[in-house]
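Below is one structure, written out as structure tokens; comments come after it.
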Amino acid sequence: MPLIPYSELKPLSDPTEESKRLSAYKAVDENFPPSAKVIGIGSGSTVVYVAERIGQLDNKADFVCIPTGFQSKNLILDNGLKLGSIEQYPQLDIAFDGADEVDTQLNAIKGGGACLFQEKLVAYSSKSFILVADYRKKSQNLGVQWTKGVPIEVVPSAYVYLTGKLNEYGAESVVLRQGGSAKAGPVITDNNNFIIDAHFGAIQDPKQLHQQLKMTLGVVETGLFLDYPQKAYFGEKDGSVVVRTLQGDRVL
Ligand SMILES: O=C(CO)[C@H](O)[C@H](O)COP(=O)(O)O
């Protein structure tokens, strides 16, 4: 059975949700390779619609999906998709993931959902990596739209040391991410680490910042995704989709 065209779907009542679904469905419709065998499924609220769209495909038995965390694993199972692990399938055909901010060079900040390490492992392992997001994530320069800071996964015992280091590196704010009303104390990642959100203002040289952070004792990984995405899909408020590549933006 062919996929239902987007124009025939009932619009969602929340405009932001509508733009998330729009970006996700278009990204899957335009990029899902018909002969794909191994697919990466990212984390966050936009990827929910990626898994939903992939779950509507007829040939679900022909490919396996690799999760980037606990939520992602459940998305795969809930949509009737076959679950595999990155250890079993270290080479992926394509991966779809959300983003917190994407600049014109397709550099991205990710990790708003604290899954950045496994997301990066899946991205590195994929032939093609596609980002999906709503219009709020489309930026000219990292650190402008997303001001909560670059998520950094850290070894728990190093967080005080790292707070000092990040301040030394010129961070405008350094926050140990808390579980909020759902948990007293810090967020614990799927790898049993902490997340520090460090805002550096507009980031002039994301690669240099990433390298500096990675060289610092206690940093497991940063939420700066550089050089990986081939494309980013942004659902717009007016029902259009902006597809960003290194060649520029295209409006669907
Ligand atoms: O990086 C992520 C999780 O670690 C998410 O993909 C990112 O935070 C975007 O989430 P959403 O689609 O909910 O805006």
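Computed from the coordinates by the stated procedures, all read-outs in this text should not be read as laboratory data. None of these values were measured; they are calculated from a predicted model. Here Cβ is always computed from backbone atoms with ideal geometry, including for glycine, and neighbour counts include all displayed protein chains.
Where q = 0.16, 0.27, 0.30 Å⁻¹, what log10 of I(q)/I(0) comes from the Debye formula for the range 26-72, counting one point per Cα? Log10 I(q)/I(0), no solvent term: -0.40, -1.15, -1.34. Length gained on full extension, Q56 to Y6: 16.7 nm, using 0.36 nm per residue less the C-alpha separation.
Against the compact-protein benchmark of 2.2 N^0.38 Å, the Cα-based radius of gyration of the chain scales to 0.99. Label sites at K148 and S35, each approximated as a point 7 angstrom past Cα along Cα to Cβ, lie 4.1 nm apart. Translational diffusion of the range 90-142, estimated by Stokes-Einstein from the Kirkwood radius over alpha carbon pairs at 10 °C in a medium of 1.306 mPa s, is 139 µm² per second.
Once you charge only the Cβ atoms, +1 for Lys and Arg and -1 for Asp and Glu, what is the size of the charge dipole of the chain about its Cα centre, to the nearest 20 debye? Please report the intermediate quantities before stating the final value.
Details: 25 positive and 29 negative charges, 30 e Å.
Dipole size: approximately 140 debye.
Dipole orientation for the range 1-79: of the candidates S35, G55, A24, S35 has the Cα lying most toward the positive pole (charges on Cβ; Lys, Arg +1; Asp, Glu -1).
Which net charge results when you count Lys and Arg as +1 and Asp and Glu as -1 among the other residues whose beta-carbon is under 9 Å from that of A232? Could you put the intermediate results ahead of the total?
On the way: positive: K137, K138, K231, R244; negative: none.
Taking every other residue near A232 into account, the sum is +4.
Both radii come from the Cα set of the range 1-136: Rg as radius of gyration, Rh as Kirkwood radius; their ratio Rg/Rh reads 0.94. For the range 6-55, the set of chymotrypsin sites (Phe, Trp or Tyr not before Pro) satisfying both a DSSP loop assignment and a count of at most 12 other C-beta atoms within 10 Å is empty. Note that the range 154-208, at 10 °C in a medium of 1.306 mPa s, gets a Stokes-Einstein diffusion coefficient of 130 µm²/s from its Kirkwood radius over C-alpha pairs. Compute the signed sum of charges (Lys and Arg +1, Asp and Glu -1) over the other residues within less than 14 Å, Cβ to Cβ, of A24. Once all neighbours under 14 Å are counted, the net charge is -2. Summed over qualifying helices (DSSP H, 4 residues or more, each -39500 (n - 2.57)) and divided by its residue number, the chain shows a 222 nm mean residue ellipticity of -7500 deg cm²/dmol.
Write out the GluC sites (Glu not before Pro) in the range 26-109 meeting two conditions: DSSP loop, and at most 10 other Cβ atoms within 10 Å of their Cβ. The qualifying sites are E87.
Given N residues in the range 86-181, what is Rg(Cα) / (2.2 N^0.38 Å)? Each step should come with its number before you reach the end.
On the way: Rg = 15.1 Å, N = 96, 2.2 N^0.38 = 12.5 Å.
The range 86-181 yields a ratio of 1.21.
About the centre of its Cα atoms, the range 72-143 shows a dipole size close to 40 debye [charges on the beta carbon of Lys, Arg (+1) and Asp, Glu (-1) only; nearest 20 debye].
Which chymotrypsin sites (Phe, Trp or Tyr not before Pro) does the range 164-252 hold that lie in a coil by DSSP with at most 16 other beta carbons within 10 Å?
Answer in residue order: Y169.
The calculated pair-distance distribution of the range 139-236 uses every alpha carbon pair, bins of 10 angstrom beginning at 0, and gives 15, 47, 30, 8, 0 percent. Among the listed pairs K60/K214; K10/K137; K82/K207, a Cα-Cα separation exceeding 32 Å is found for K60/K214; K82/K207. Find out how many positive minus negative residues lie around A95, taking Lys and Arg as positive, Asp and Glu as negative, among other residues whose Cβ is under 14 Å from that of A95. Net charge in that neighbourhood comes out at +2.
Taken about its Cα centre, the range 140-252 carries a charge dipole of about 100 debye when Lys and Arg each add +1 at the Cβ and Asp and Glu each add -1 at the Cβ. Among T46, T68, T104, determine the one that fluctuates most according to a GNM of the chain built with springs between C-alpha atoms less than 10 Å apart. Most flexible of the set in this elastic network: T104.
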